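Peer 1: Sharing a structure here in structure tokens format.
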Amino acid sequence: MSLPLMPKATAVWLVENTTLTFDQIGMFCGLHKLEVQAIADGDVATGILGLNPTMNGQLTAEEIKRCEGDSRAHLKMMRSELPQPVVRAKGPRYTPVSKRADKPDAIAYLIKTYPELLDAQVARLLGTTKDTIAKVREKSHWNAGNIKPRNPVLLGLCKQADLDAALKRASRRVAREQKAAGITPTDPMAQTENTSPFKDFDTPESAHRHEPFVTFGGGDGQQPDIAPEDMEKSLG
């Protein structure tokens, strides 16, 4: 439901000049009934001049009288033939002045930690330019000596949800490019699972390199089993 022009001023006029209920006025003006009650009590909208909705063609006197006679009825705004205001497209992300000096650090973090992100994605996340990103990458930025990679989420320059969404889009793009080039897409999780930091001690891989293979006891009080030939090598 579209709201009238200057909702609070319209609510002030309706409170002062009609017998409509607080629910009816609040529903029409997009306000809570308690806020309308506060307007009637003089606690809210003090000093605001009332705006007559019948003068600007948003309501008719007959519509007001109809709703005054039925407290369950809702006010219906008149259809206007005037063109509706054009919704302005969302502009670039605004960054407070106090945080703008942190942008180079955030850029350095993203291009180092997530190289799959395009410059356009980094620029959109941080509200910066591709030229600044290129200077940080090439270390030709005027403050390159003091730039330290820092997480933009912790700096308050972007939201974690926006960063995750950008990473998902980047991973899908990389997968498409690898598929088009005939390369099997790599799975970082699979690489992580196949790599064990203890493979030199407790995996059969050590047997292929003729190294002592130790099997740790399972809690039955037995000593670890060591092959005799391996024992001789270790003692010799």
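None of the figures in this text is laboratory data; all of them are computed from the coordinates on show. Since the model is a prediction, treat every value here as computed from it, not as a measurement. Here Cβ is always computed from backbone atoms with ideal geometry, including for glycine, and neighbour counts include all displayed protein chains.
Peer 1: Report the gain in length on full extension from Thr113 to Ala170: 0.36 nm times residue separation, minus Cα-Cα distance, nm rounded to one decimal. Working shown, then result.
Peer 2: Numbers: separation 57, 0.36 × 57 = 20.52 nm, distance 1.31 nm.
Going from the current span to full extension adds 19.2 nm.
Peer 1: Take region 97-182, compute every pairwise Cα distance, and split them into 10 Å bins from 0; I just need the percent in each bin.
Peer 2: Final binned percentages: 17, 50, 24, 7, 1.
Peer 1: Sticking with the crude label model, points 7 Å out along Cα→Cβ, report the distance from Lys99 to Thr19 in nm, one decimal please.
Peer 2: Using points 7 Å along Cα→Cβ, the separation is 5.4 nm.
Peer 1: Val44: net charge of surrounding residues, Cβ under 13 Å, Lys/Arg +1, Asp/Glu -1, itself excluded?
Peer 2: Local net charge: -1.
Peer 1: If R0 is 30 Å, what FRET efficiency do you get for Ala161 and Lys139 from their C-beta distance, rounded to 0.05?
Peer 2: Working from the Cβ atoms, E equals 0.45.
Peer 1: List the residues whose amide H sits under 5 Å from the amide H of Asn151, counting only those 5 or more places along or on another chain, with H placed 1.01 Å from N in the peptide plane.
Peer 2: none
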